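Q: Quick one: the structure is below, questions incoming.
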Amino acid sequence: MASIAGTTTGSLANPRNLSWRKILSSRNRFVMAVIIPTIIFYLLFAYLPILGSLAMSFTGVDTMLAMKPVWIGLQNYIQAIGDTLTWVSLQNSFAFTLVSVPLGTISSLAIALMLNSITRQRAVFRTIYFIPVVTSMVAVSIVWKWMYQPAFGLFNQMLSVVNLPELKWLNDPNLAMFAIVIMSVWKSLGFNAVIFLAGLGGIPKEYFEAAAIDGADGWKSFVHITLPMLQSTTAFVVITGVINCLQVFTQMYIMTKGGPFDSTRSIVYVIYERAFVDFMGGYSASLAMILFVIIMVISLFQLRMYRQNWEY
Amino acid sequence: MAAVTSTSTSSRSSTVVRANRLPFWKIFPKLMVYVLLTVGSVTMVMPFYFMITSSFKTESAINAVPPQWWPSPFIIDNYKQLLTMIDIPLLFTNSLIIAVIVTVVTMYTSALVGYVFAKFSFWGKNFIFMAILATMMIPWPVTMVPVYQICLKLGLVNNFGGIIIPSLFSTFGIFMVRQFMHTIPNDLLDAARIDGASEMATFHRIVVPNSMASISALGIFTFLWSWDNFLWPLIVLMDERLFTLPLGIAMFAGRWWTSFGPVLAGATVSVVPVLIVFLIFQKNITEGMTMTGIKG
């Protein structure tokens, strides 16, 4: 008789097994030996820090230098809410997200559809589109910063070729964020395209054949078959996209250092600066907590929205 | 209405991407698709092309209008200058050591933990799994300062341990391996146990070889991620001699921004090894990605 590994007969889930001999059986020892360090790790590096951050957000003294923390209650939060930089940086992160995610999702879906429709050379194209994904964000930021140069940069040279005026790109407070958005979308196009490609591969051909028999044209079957079948894939791309975009940091740090005039200072940039440059640990923690709540709310909202759409 | 058999979209083998001919694109000339894809490919590659070629150009050639497509003169002075200003081999080695250790350890722990979650049941299993998965939702700015303090207390600041220890377990890895482990038949494991193999032996001799596909895909992801890791090494490492490559290049670029030649040479140095690893293992990577089973 085939027994399923870890059946209740021998496992710790079965209350009849609480004799010491059974608890310390080889199988259970193995499980404990693996799971217990795992639990300790996650407690130490995930859950304890959350509590620590929460606690720290209520203190005033720089806890980084291990001085005795002073309880100041909600003062950090009040200061954070009153500081215009908090709102500006939140706005920056939101703006970044609101432009990057739709732009990125739609373009990568388009690329995935195109890749899906060809059989030859698909792997070659897929590889090429993936190259920006695997390269270091640091290197990419450096190259794009060079390309965005006002004087001799590639982009302005291209503009002058078609007789358009030069743009100040990263030096223009109104344009800098958008310039970073373009680079970020470019960098993750391939990744999202491959995810969509995998999702497209899971749509049974029969659906399209049935629709064709019923007289549906290309556009109709796209809207009524492809899009609905891609819902969970799209949900994944959008939700992870939003969560990642809200935490954007590296590009700003290398390309603009938050400028010009704080137009590219993301919320995470501010959190980083307050903690490691200004040594205001408690204040930084309160900002981080605010961000945490925002991300939680948005993620739950998105999950609920997508869950409702999954019945088809 | 034609009978449509609903195919299960779960558990796919490694040959995933089928040739679904979407009727919409049949109308559109196939040629147009190839053209668009090629144009897209050029935009993907163009920045890197200029990065690499510019690293061999003189300063004036880099800023030439119109841009030089091939360096003339072709010089390696930028690299020479780069090497005198920062110790590339050292940075490279640092990054390599960290990446290799993190990758190997993560592969092993993810395999072990993924295996246990997939094939065993124990008290609180679902709760613990959900709790681990939930950590993926925590924005890292929330944990970075306390984790830094914990590392401070454990003496892990300003050394490689501070980067390696917090990366011991990978939630993504555990999740990915667990998904895959479900496909290993239980009979196989029972047979080994009946033959008297201990749990560890079963793991090493049967489970691991059978899940190498997902473990190696995970390994490659982890390696690439570790190489690119910027913020945490920025926080944890203070001694310049311990810096990782991205960190060193970023610092260098920050200080010597106006000398594009060496800066672009630095960027090239940090990109080319990764690119080579990727091109060698790309089949593994894209298969691994489709294996994570992003499905309904």
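Q: Using the Kirkwood formula on the Cα atoms of the stretch A:125-170, what hydrodynamic radius do you get, in angstrom to one decimal? Kindly include the intermediate steps, with their values, before the conclusion.
A: Numbers: mean 1/r = 0.0841 Å⁻¹.
The Cα-based Kirkwood calculation yields 11.9 Å.
Q: Peptide B:58-65: average number of partner chain Cβ atoms within 10 Å per residue?
A: 2
Q: Could you give P(r) for the stretch A:169-215, binned at 5 Å from zero, as whole percent values over all Cα-Cα pairs?
A: 5, 17, 12, 11, 11, 10, 9, 8, 6, 6, 3, 0
Q: Which angle between 0 and 90 degrees, to the nearest 10, do you get for helix B:30-54 versus the longest principal axis of chain B when only C-alpha atoms count?
A: Approximately 60 degrees, to the nearest 10.
Q: Now for a separate question. Given the -39500 (n - 2.57) contribution per DSSP H run of 4+ residues, what per-residue ellipticity at 222 nm results for chain B, rounded to the nearest 500 deg cm²/dmol? It would help to have the intermediate numbers written out before the result.
A: Values: 15 runs with 193 residues, N = 296.
Dividing the helical sum by the residues of chain B leaves -20500 deg cm²/dmol.
Q: Per the Kirkwood formula on distinct C-alpha pairs, the Rh of the stretch A:134-271 is how many angstrom?
A: Evaluated over the stretch A:134-271, this radius sits at 17.8 Å.
Q: Using the alpha-carbon centroid of each, what span in Å lies between the stretch A:131-162 and the stretch B:93-143?
A: 36 Å
Q: Still on this structure, please answer the following. What is the Cα coordinate range of the stretch B:57-154 on the first, second and third principal axes, sorted by size from largest, in whole angstrom?
A: Projected onto the principal axes, the Cα atoms of the stretch B:57-154 cover 69, 34, 25 Å.
Q: When the gyration tensor of the stretch B:77-215 is built from Cα positions, what are the square roots of 5 times its three eigenvalues, in whole Å, from largest to smallest?
A: Values: eigenvalues 268, 89, 34 Å².
So the three semi-axes of the stretch B:77-215 are 37, 21, 13 Å.
Q: Exceeding 24 Å between C-alpha atoms, which entries from my cross-link table qualify? They are A:187/B:80; A:257/B:153; A:205/B:119; A:187/B:283; A:145/A:187; B:125/B:283.
A: Where the Cα-Cα span goes over 24 Å, the pairs concerned are A:187/B:80; A:257/B:153; A:205/B:119; B:125/B:283.
Q: While we're here: If DNA, RNA and ligands are ignored and the probe is 1.4 Å, what is the ranking of A:155, A:191, A:96 by accessible area, most exposed first? Mind dumping the intermediate values first?
A: Working: A:155 40, A:191 75, A:96 5 Å².
Correct descending sequence by accessible area is A:191, A:155, A:96.
Q: Given the protein assembly as shown, what whole percent of its Cα pairs are spread farther than 49 Å?
A: 15 percent
Q: In addition: Only Cα pairs under 8 Å and at least 6 apart count here; give the relative contact order of the stretch A:192-312 as a rounded whole percent.
A: Normalised by residue count, the contact order of the stretch A:192-312 is 23 percent.
Q: Rank B:37, B:245, B:152 by mean-square fluctuation in a GNM of chain B with C-alpha springs under 10 angstrom and give only the top-ranked residue.
A: Per the Cα network of chain B with a 10 Å cutoff, B:37 tops the list.
Q: Between B:77, B:87, B:239, which gets the highest mean-square fluctuation from a Gaussian network model of chain B, Cα cutoff 10 Å?
A: Largest GNM mean-square fluctuation: B:239.
Q: Let me ask you something else. Check the straight Cα-Cα distances from residue B:30 and name the aspartates and glutamates below 18 Å, setting aside those fewer than 8 residues away within the same chain.
A: Candidates past the 8-residue exclusion: A:217.
Q: What angle, in degrees between 0 and 90 and rounded to the nearest 10, separates the Cα long axis of helix B:140-153 from the longest principal axis of the Cα atoms of chain B?
A: 90 degrees
Q: Could you work out [θ]222 nm for chain A from helices alone, using -39500 (n - 2.57) per DSSP H run of at least four and dividing by all its residues? Round to the nearest 500 deg cm²/dmol.
A: Taken over chain A, the calculation gives -21000 deg cm²/dmol.
Q: Which three lengths, in whole Å and largest first, does the stretch B:51-94 cover when its Cα atoms are put on their principal axes?
A: For the stretch B:51-94, the Cα extents along the three principal axes come out at 39, 15, 14 Å.
Q: How long are the semi-axes of the equivalent ellipsoid of chain A, taking √(5λ) for every eigenvalue λ of the Cα gyration tensor, in whole Å from largest down? Working shown, then result.
A: Details: eigenvalues 311, 276, 66 Å².
Computed over chain A, the values are 39, 37, 18 Å.
Q: How high is the relative contact order of chain B? Use alpha-carbon pairs under 8 Å, at least six apart in sequence, and give a whole percent.
A: Over chain B, the number comes to 31 percent.
Q: Return the value, in Å² to the nearest 100, of accessible area buried between chains B and A (probe 1.4 Å, both sides summed). Walk me through the intermediate numbers first.
A: Numbers: alone 18330 and 19280 Å², together 27530 Å².
Buried area between the two chains comes out at roughly 10100 Å².
Q: Please compute one quarter of the surface area of the Cα convex hull for chain B and express it in square nanometres.
A: 23.1 nm²
Q: Also, quick follow-up: Given C-alpha coordinates of the stretch B:177-222, what is the ratio Rg to Rh with the Kirkwood estimate of Rh?
A: Details: Rg = 11.5 Å, Rh = 11.1 Å.
Taking Rg over the Kirkwood Rh, I get 1.03.
Q: Now for a different question. Can you run the Rg to Rh ratio on the stretch B:148-296? Use alpha carbon positions and the Kirkwood inverse-distance Rh.
A: 1.10
Q: Please find, in a Gaussian network model of chain A (springs between Cα atoms separated by less than 10 Å), the residue of A:186, A:87, A:219 whose mean-square fluctuation is greatest.
A: A:219
Q: Please report the equivalent ellipsoid semi-axes of the stretch A:65-206, computed as sqrt(5 x eigenvalue) of the Cα gyration tensor, largest first, in whole Å.
A: 37, 26, 15
Q: Find the relative contact order for the stretch B:149-263 and round it to a whole percent, using C-alpha pairs within less than 8 Å whose residues are 6+ positions apart. Let's see the in-between values first.
A: Details: 53 pairs, mean separation 35.4, N = 115.
Relative contact order comes out at 31 percent.
The values are calculated or read from the model by the stated rules, or taken from the named source; none is laboratory data. Predicted, not measured: the structure shown is a model, and the values here were computed from it. Don't worry about glycine lacking a Cβ; one is built from the backbone with ideal geometry, like all the others, and counts go over all protein chains shown. SASA here: full protein model, heavy atoms, side chains in, ligands and nucleic acids out. Shrake-Rupley method; radii C 1.70, N 1.55, O 1.52, S 1.80 Å.
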